[in-house]
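In what follows, a single structure is set out as structure tokens and then discussed.
The values are calculated or read from the model by the stated rules, or taken from the named source; none is laboratory data. In this text the structure is predicted, and so the values were computed from the model without any measurement. Counting neighbours? That spans all protein chains shown, and the Cβs are built from the backbone with ideal geometry, glycine included.
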Amino acid sequence: MATYKLQRLDAALLGLCLHGVAVSYYAYLVETNKEKDDDYQPLCDISEHFSCTKAFMSEFGKGFGLIPKDSSFYLPNSIFGIVFYTIVASLSLFNHYWNTLLMLAATVLANSFSIYLAYVLYLLKDVCLVCVTTYIINAILLVLSAKKLGEIKQAQQAKKKKSK
């Protein structure tokens, strides 16, 4: 069922996920370096209101500000990002309806968190370039996941018509 369109979508999804892992890993490095050394100045800290560390070190930088501090899931948001992009990359390798539906659901959830975290940035009066980059990646992943699901449905319908 791997049409040319599906192959292109798969490649784009995989490429975006690799970028997402890289950006999330950079966020993790920035956060851990800042925790170790308060004088650490990452490249993403441009000014007082264009600062990634302001976002990462806020109460919302771990567990999305929703998970209790005593929970084993109280981790930097970047860890959740790395796991998310790895899962989506894995799901994108298979051109099956249910895998793609699960991928679409995951990207809808990720975009919901992106909207929530963008609102948090607004409350912090901050622009985090690393965060905004992940929001853009998540939005594109959502669009591509929906397109892939549509392509798979079309391919299944075409296959049914041929077998009749």
Subject >> Single unsatisfied condition, F56 versus (1) under 29 Å from Y4 (Cα atoms); (2) touching an Asp or Glu at 6+ places or on another chain (Cβ under 9 Å) >> reply: (1)
Original post:
Just one of K125, K153 is under 21 Å from G61 (Cα atoms), over 17 Å from the mean Cα position of the chain (by Cα) and of a type in the set (K, R); which is it?
Top reply: K125
Original post:
List the pairs whose first member sits in region 54-82 and is closer than 16 Å to N33 by Cβ, whose second member is assigned to a loop (DSSP other than H, G, I, E, B) and hydroxyl-bearing (S, T, Y), and whose Cβ atoms are under 7 Å apart, counting only residues at least 6 apart or on separate chains?
Top reply: K62/Y74
Subject >> Per-region count, region 1-53, residues farther than 30 Å from K162 by Cα and in contact with a Leu (Cβ under 6 Å, 6 or more places away or on another chain) >> reply: 2
Original post:
In region 24-44, is there at least one residue being on the phi > 0 side of the Ramachandran plot, at pLDDT 95 or above, among the hydrophobic types (A, V, I, L, M, F, W, C) and under 21 Å from the mean Cα position of the chain (by Cα)?
Top reply: no
Original post:
In region 104-148, which residue that is in contact (Cβ under 8 Å) with a residue 60 or more places away in the chain and under 19 Å from L6 (Cβ atoms) is surrounded by the fewest Cβ atoms within 10 Å (Cβ to Cβ)?
Top reply: I140
Original post:
Is at least one residue of region 37-50 out of contact with any strand residue (DSSP E or B) (no Cβ under 7 Å at 6 or more places or on another chain) and closer than 16 Å to Y119 by Cα?
Top reply: yes
